[in-house]
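What follows is a single structure, written as structure tokens, with notes after it.
The values are calculated or read from the model by the stated rules, or taken from the named source; none is laboratory data. Owing to the predicted nature of the structure, the values given are computational and were not obtained by experimental measurement. Surface accessibility is based on the protein's heavy atoms, side chains included, excluding ligands, DNA and RNA. Shrake-Rupley method; radii C 1.70, N 1.55, O 1.52, S 1.80 Å.
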Amino acid sequence: MNKFILGEKLKEEINGRRIKAALFHSFNFDPDFFENYLLPLFLPDIPFGDNKIQNTILWKKYQNELPPVTVYCDFHAKAQKGIHLDYTVRTVDVPKIKGVKPCFHPKHTAILLDDDSLLFFVGSNNLTEAGWCSNLEGVNFFKLKSGEYFPREFKDQIRNFNRGIRSQYYNELSPADDLIEKFFAKIGYTNEVDFKLLNSKDFREENNMSHFGSFLSNLCLEGNDGIPFKKIEIVSPYYSSGISMFETLIQTTNCSDISCSIPFENSDFVALEETLFDIANELGINWKGIKGMNETKGHRFNHSKIYQFLG
């Protein structure tokens with residue numbers, strides 16, 4: 001596991017190459033942050049800085065050099081700020097299911113470069129200053145390129161997820177969607193990778209796990225031959241308000257050593273009802289703090305979502 005500042009990692013991987021298109025999925029979306037911190041990374045030769053007024057002046061001159069960019073975000077979580085540049089924002093308002101209002105919650109960053117490689121980040125970070133600059137986040141990074149690293153099933157799952165969102169909420173491709181769709185049409189497949197995908201039921205392919213319970217059952221049967229797991233560690237900023245998820249985890253995995261991170265909302269405030277905290281502990285859940293969180297000045301919010309299973 002490597003530590004890095006997400007924006008610096010993206011800048012390092014772009015490495016001065018031209019960006020052909022960019023696609024983002026996020027729950028929260030802060031246009032002010034996006035236009036003053038992330039988008040300037042796409043034009044590294046322009047002297048953008050920390051001064052918003054100066055950046056605004058520069059964007060008026062150079063905004064035509066911005067490649068096609070599309071952002072999908074939750075309709076109710078987009079900041080009430082204006083869009084000042086020529087990129088596409090598509091809000092997603094997920095309809096209620098049995099009276100419950102779900103949210104659009106994926107966090108993906110897909111950057112298509114001029115050498116026809118795709119930088120793909122998938123993790124816990126929203127398109128906000130906290131998500132990219134200050135929170136503790138968990139992010140996986142992949143670099144796909146036809147003929148070099150291009151496992152067919154893996155890249156198809158990403159493509160199909162993108163298609164599923166568009167087909168359900170929008171009827172046409174945005175310019176960025178179109179360019180990235182053409183990237184996925186390439187055929188230089190490489191060796192497959194062993195992976196399991198927990199996907200939304202709205203965008204799943206046949207035989208994929210569509211919710212936590214079915215994913216967990218499949219993991220136990222196929223990943224551990226039905227044998228009880230030796231140890232489970234979970235890092236999360238939030239937990240369900242009821243006990244059923246903890247019960248499902250314990251009963252399905254049959255594991256007697258399960259640790260969960262304490263969800264500190266602030267340095268002295270735990271974002272969990274004390275009764276639920278105690279009941280989970282009585283069931284066998286070990287609550288633990290995250291090592292090193294107090295080494296930084298002030299409170300650093302843990303927003304990462306990490307599940308580790310030892311078979």
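Tabulated results
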| read-out | value |
| --- | --- |
| Carbon plus sulfur fraction of accessible area for the stretch 1-84, probe 1.4 Å, in percent | 49 |
| Angstrom value of the Kirkwood radius, inverse mean 1/r, which spans all Cα pairs in the stretch 242-288 | 11.2 |
| Length-normalised contact order of the stretch 1-93 in % [C-alpha pairs under 8 Å, at least 6 apart] | 35 |
| Phi-based couplings in Hz for the stretch 66-77 (Karplus 6.51, -1.76, 1.60; Gly and Pro marked x) | 5, x, x, 9, 10, 10, 9, 8, 5, 4, 8, 10 |
| Mean separation of Cα contacts under 8 Å (6+ apart) over length of the chain, as relative contact order % | 16 |
| Mean shadow area of the chain over all directions, Cα convex hull, nm² | 17.8 |
| Candidate lysines - alpha carbon under 16 Å from Lys81, same-chain residues fewer than 8 apart omitted | Lys52 |
| The chain: antiparallel DSSP beta bridges as a percent of all, rounded to 5 | 55 |
| For Ile243, solvent-accessible area (1.4 Å; no DNA, RNA or ligand), Å² | 40 |
| Acute angle (nearest 10 degrees) that the helix 175-184 long axis makes with the longest principal axis of the chain, alpha-carbon atoms | 60 |
| Two-decimal ratio, the stretch 1-81, of alpha-carbon radius of gyration to 2.2 N^0.38 Å | 1.15 |
| Candidate lysines - alpha carbon under 22 Å from Lys230, same-chain residues fewer than 8 apart omitted | Lys196, Lys288, Lys291, Lys305 |
| Other-chain or far-sequence residues with amide H under 5 Å of Ile290's (modelled H) | Ile262 |
| Links that overshoot a 30 Å alpha carbon limit, given the list Lys98/Lys186; Lys78/Lys182; Lys96/Lys231; Lys101/Lys297 | Lys98/Lys186; Lys96/Lys231; Lys101/Lys297 |
| Vicinal HN-Hα couplings computed from phi for the stretch 114-119 (Karplus, 6.51 cos²θ - 1.76 cosθ + 1.60; Hz; Gly/Pro x) | 6, 8, 6, 10, 10, 8 |
| Karplus-derived 3J(HN,Hα), 6.51/-1.76/1.60, for each residue of the stretch 3-15, Hz, glycine and proline x | 9, 7, 7, 4, x, 5, 5, 4, 4, 4, 6, 5, 6 |
| For Phe301, residues with placed amide H under 5 Å, excluding near neighbours | Leu136 |
| Computed Kirkwood radius, in angstrom, where 1/r is averaged over Cα pairs of the stretch 1-147 | 16.1 |
| Cα-based Kirkwood hydrodynamic radius, the stretch 104-203, one decimal, Å | 14.7 |
| Tilt relative to the chain, helix 52-62 - C-alpha long axis, 0 to 90 degrees, to 10 | 50 |
| The chain, helix-only ellipticity at 222 nm - DSSP H runs n ≥ 4, -39,500 (n - 2.57), divided by all residues, nearest 500 | -8000 deg cm²/dmol |
| Per residue value of the accessible surface for the stretch 255-311 (all protein chains in place, 1.4 Å probe), Å² | 66 |
